[in-house]
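Here the structure is laid out as structure tokens; the discussion comes afterwards.
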Amino acid sequence: MSMRLSKVLAATALATALAGAATVPAYAATGYDRCPQNRMCIFTGYNGSGVMAAFAVGDADLGDSNGPTGMNNNTKSFYNNSGHHWDFWDLRGYDGAIRHSEPYVGGRNFGSAWVNRVTSLHDY
Ligand SMILES: [Ca+2]
């Protein structure tokens, strides 16, 4: 392959990648800012990184197939971007140990006791 052709192909690939990036939904960004208004968001990474799941009212079991998957016992930070109080529980069905979040606290890392522990969550 000629040098000129390989440069053209590389430029085409870059343009395609940029065009694709422009159409990626906001959720694919990183950080707390992608959490929509009036939602509780949980993240698989610290500081709002990784995969995000956003909730209006909660989820009784992050380990089942109803709602987002891959989040059970796999969240390290959260962003309460709602005016509601929220609770996180260790067990499904809002049971076991509980951790509370005040409204609009913004982004927080879970403390060491709660890293990779949340299994259900609900506002109230
Ligand atoms: Ca758990």
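The values are calculated or read from the model by the stated rules, or taken from the named source; none is laboratory data. These numbers come from a predicted model, not from an experiment. No Cβ is skipped: glycine too gets one built from the backbone with ideal geometry, and neighbour counts run over all protein chains shown.
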With the first residue restricted to segment 61-79 and required to be without any contact (Cβ under 8 Å) to a residue 60 or more places away in the chain, and the second required to be aromatic (Phe, Trp, Tyr) and exposed (fewer than 15 other Cβ atoms within 10 Å of the Cβ), Cβ contacts under 9 Å at 6 or more apart or on different chains are Lys76/Tyr46; Ser77/Tyr46
All conditions in (1) surrounded by 18 or more Cβ atoms within 10 Å (Cβ to Cβ); (2) farther than 15 Å from Cys41 by Cα are true of Asn74 except (2)
For the condition within 12 Å of the ligand (Cβ to nearest atom) and modelled with pLDDT of 95 or more, what is the one hit in Arg108, Arg117?
Arg117
Output the number of residues of segment 35-91 satisfying the condition of being farther than 16 Å from Asp123 by Cα, assigned to a loop (DSSP other than H, G, I, E, B), away from the ligand (no atom under 16 Å from the Cβ) and among the hydroxyl-bearing types (Ser, Thr, Tyr).
2
